Amino acid sequence: MAHKKLNELQSTAICGNDITSSCLYVSALTVMYAGQYAWISLLVVALVLFLFRKIYGEVVGALPLNGGAYNVLLNTSSKRVASLAATLTVLSYMATAVLSGSEAMHYLHLLIPGLNVMIATIVVLAIFTTLTIAGIGESAIVAVVIFIVHLVSLSVLFIAGIWFIANTGTEILHVNWATPAKSGGILTALFLGFSAAMLGISGFESSANFVEEQEPGVFPKTLRNMWLAVSFFNPLIALIIIFVLPLASVGEHQESLLAYVGEITGGKWLAYLISVDAVLVLCGAVLTSFVGVSGLVNRMTLDRILPNFFLKQNRKG
């Protein structure tokens with residue numbers, strides 16, 4: 001049945017929640033491996049994403065069907081290879097949903113110590129399953145709210161970091177910059193930092209998996225918007241960490257590094273804001289997984305790889 005297509009903001013929010021949530025953990029990972037050169041590694045990742053943006057835009061423009069990489073392989077290799085890639089993608093989405101939900105509840109556990117993380121994770125998965133069944137339009141409204149809150153929170157953290165540096169000076173930066181590069185040299189540190197940073201760009205491929213749900217011309221805009229957000233926030237937040245924290249202390253606060261940076265630069269209120277934001281945006285990544293896997297499974301069923309049962313739809317589509 002016909003249903004309303006997603007506009008640019010809604011489409012960007014659904015896939016953007018996943019990729020922009022990387023700021024919450026990839027900054028710590030990259031700084032731990034690349035040290036004071038972490039921001040350079042993150043800029044290289046932004047360059048790689050720029051190249052993939054061109055590839056995705058061209059391929060999906062020629063094949064505007066749900067499925068993303070699956071469709072590419074289906075048209076350039078064998079059905080067996082494409083099926084294998086699609087199966088691995090489904091497993092990846094399942095893992096992303098569970099891990100994002102669990103990580104979100106770990107952040108919430110910091111705010112509510114008595115929370116049972118396991119039960120809370122199951123509840124989160126159930127809630128977002130229900131949202132997905134209710135229709136992608138309703139899911140998109142929730143995704144947009146989460147996305148806007150996340151971008152505002154990161155912007156506040158960035159401004160607080162600039163204000164803190166302006167008032168305290170660059171002493172910590174000088175100390176960090178004089179620290180010898182880890183793992184045997186600058187090039188090795190940059191490579192390891194780049195490898196760690198690449199773990200944080202999950203979600204860039206998600207838009208291609210629900211392209212049929214988007215209004216005409218929206219897909220390339222989602223790629224542009226995701227690339228801009230990651231290219232801006234990830235390197236700059238890594239720079240703020242290097243200005244604000246001694247490198248030796250990063251590992252101690254790895255699981256909630258941005259909340260700790262917020263506490264130093266803005267106080268308890270900012271740490272609380274970042275923690276709440278982490279819960280929301282990681283739950284948004286759960287939604288991204290469900291929407292992405294729904295589009296992919298639909299396309300696989302149309303190609304007779306999965307049973308026709310998966311083509312059944314409710315009134316919301």
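The values are calculated or read from the model by the stated rules, or taken from the named source; none is laboratory data. Here the structure is a predicted model, which is why all the values come from computation and not from measurement. With ideal geometry, Cβ positions are generated from the backbone for all residues, glycine too; neighbour counts draw on all protein chains shown. Heavy atoms of the whole protein, side chains included, go into the accessibility calculation; ligands, DNA and RNA do not. Shrake-Rupley method; radii C 1.70, N 1.55, O 1.52, S 1.80 Å.
Take the Cβ atoms of Leu115 and Gln254, set R0 to 30 Å, and the FRET efficiency comes out at 0.90.
The C-alpha atoms of the chain define a longest principal axis, and helix 186-198 lies at about 40 degrees to it.
Couplings 3J(HN,Hα) for the range 226-240, derived from phi with the Karplus relation 6.51 cos²θ - 1.76 cosθ + 1.60 (θ = phi - 60°), are 5, 5, 4, 5, 5, 5, 7, 6, 4, x, 5, 5, 4, 4, 4 Hz, where x marks Gly and Pro.
Taking label positions 7 Å along the Cα-Cβ direction at both Ser78 and Asn167, the computed distance is 6.5 nm, reported to one decimal. Using a Gaussian network model of the chain in which every pair of alpha carbons under 10 angstrom is joined by a spring, one finds that among Ala62, Ala278, Ala189 the greatest mean-square fluctuation is at Ala62. Spread over its residues, the convex hull of the C-alpha atoms of the chain is 131 Å³ per residue. Across the protein chains, with a 1.4 Å probe defining accessible surface, the residues Met32, Met300 rank Met32, Met300 from largest area downward. Scoring 286-296, 237-247, 34-44, 76-86 by mean Cβ neighbours within 10 Å over their residues and listing the highest first yields 286-296, 34-44, 237-247, 76-86. For Trp227, neighbours were defined as the other residues whose beta-carbon sits under 11 Å from its Cβ, and their charges (Lys and Arg +1, Asp and Glu -1) total +4. Here the label points at Val48 and Lys312, each 7 Å from Cα along the C-beta direction, are separated by 4.2 nm in the simple model. Simple rule: put +1 on each Lys or Arg Cβ and -1 on each Asp or Glu Cβ in the chain, find the dipole, and look at Leu273, Gln313, Pro113; the Cα lying farthest toward the positive end is Gln313. Rounded to the nearest 10 degrees, the inclination of helix 23-34 to the longest alpha-carbon principal axis of the chain is 60 degrees. Here the gap between Phe191 and Trp177, fully extended at 0.36 nm per residue and compared with their Cα-Cα distance, gives a gain of 3.3 nm. What do you get for the angle between helix 117-134 and the principal long axis of the chain? Use alpha-carbon atoms, 0 to 90 degrees, nearest ten. With rounding to tens, the tilt is 40 degrees.
Here the sum of -39500 (n - 2.57) over DSSP H runs of 4 or more residues, divided by the residues of the chain, equals -25000 deg cm²/dmol at 222 nm, to the nearest 500. Taking amide H atoms as placed 1.01 Å from N in the peptide plane, the amide H of Gln214 lies under 5 Å from those of Leu6, each 5 or more residues away in sequence or on another chain.
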